[in-house]
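Participant: This is the structure I want to talk about, given as structure tokens.
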Amino acid sequence: QVQLVESGGGLVQAGGSLRLSCAASGSTVSINVFGWYRQAPGKQRELVAKIIRGGSTNYAEFAKGRFTISRDNAKNTVYLQMNSLKSEDTAVYYCNAVTWTQSNWGQGTQVTVSS
């Protein structure tokens, strides 16, 4: 099993930046995909970005050019660098780790962008 702990959320003005971190523990060697998702009030949870074991990445359209997902294997940590933030980026951001048998979620971290 994998445990995930997110950090780095907070309140930022539009146009600002935040870096989210997700520290993984437990069976980290079994993780094939790390992902960041978000859920705004009244909306469904949606994919922001993901990074595959080999290092390839995928981004939602709204994230392209503004957000960057990266991974530090030595620290078992995945990051989401968010630049040029907009009010519509306000949401709870969740880390996800997929193994061969499970999809594991963190508790989420709130990101609030003021206009």
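The values are calculated or read from the model by the stated rules, or taken from the named source; none is laboratory data. This structure is a prediction, so every number in the text was calculated from the model and none was measured. Here the Cβ positions follow ideal geometry from the backbone for every residue, glycine too, while neighbour counts run over all protein chains shown. Quick note on the areas: whole protein, heavy atoms, side chains included, nothing else; ligands and nucleic acids left out. Shrake-Rupley method; radii C 1.70, N 1.55, O 1.52, S 1.80 Å.
Participant: With (1) out of contact with any Lys or Arg (no Cβ under 6 Å at 6 or more places or on another chain); (2) open to solvent by 50 Å² or more (accessible area, probe 1.4 Å) as the list, and Ala97 as the residue in question, which single condition is left unmet?
Facilitator: The number of the failed condition is (2).
Participant: Does Gly35 qualify as being outside any strand (DSSP E or B) and not aliphatic (A, V, I, L, M)? Give the derivation first.
Facilitator: Numbers: outside any strand (DSSP E or B): no; not aliphatic (A, V, I, L, M): yes.
When the stated conditions are applied, Gly35 does not pass them.
Participant: Next question. Tell me which residues, restricted to region 72-109, are of a type in the set (Val, Ile, Thr) and closer than 23 Å to Leu11 by Cα.
Facilitator: Of the residues in region 72-109, the ones of a type in the set (Val, Ile, Thr) are 77-78, 90, 92, 98-99, 101, 109.
Hits for region 72-109 are Thr77, Val78, Thr90, Val92, Thr109.
Participant: State yes or no: is Ala40 of a type in the set (A, V, I, L, M, F, W, C), farther than 19 Å from Gln1 by Cβ, open to solvent by 30 Å² or more (accessible area, probe 1.4 Å) and at pLDDT 95 or above?
Facilitator: Working: of a type in the set (A, V, I, L, M, F, W, C): yes; farther than 19 Å from Gln1 by Cβ: yes; open to solvent by 30 Å² or more (accessible area, probe 1.4 Å): no; at pLDDT 95 or above: yes.
No, not satisfied.
Results for (1) outside any loop (DSSP other than H, G, I, E, B); (2) closer than 24 Å to Ser114 by Cβ; (3) within 15 Å of the chain's Cα centre (by Cα), shown as yes or no for each residue.
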site: Gly15; (1), (2), (3): no, yes, no
site: Ser25; (1), (2), (3): yes, no, no
site: Pro41; (1), (2), (3): no, yes, no
site: Gly54; (1), (2), (3): no, no, no
site: Thr68; (1), (2), (3): yes, yes, yes
site: Ala74; (1), (2), (3): yes, no, no
site: Tyr79; (1), (2), (3): yes, yes, yes
site: Ser84; (1), (2), (3): no, yes, no
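Participant: Name every residue in region 56-66 that is part of a loop (DSSP other than H, G, I, E, B) and of a type in the set (Gly, Ala, Ser), in order of residue number. Step through it out loud before you land on a result.
Facilitator: Narrowing region 56-66 to residues part of a loop (DSSP other than H, G, I, E, B): 56, 60, 64-66.
The answer is Ser56, Ala60, Gly65.
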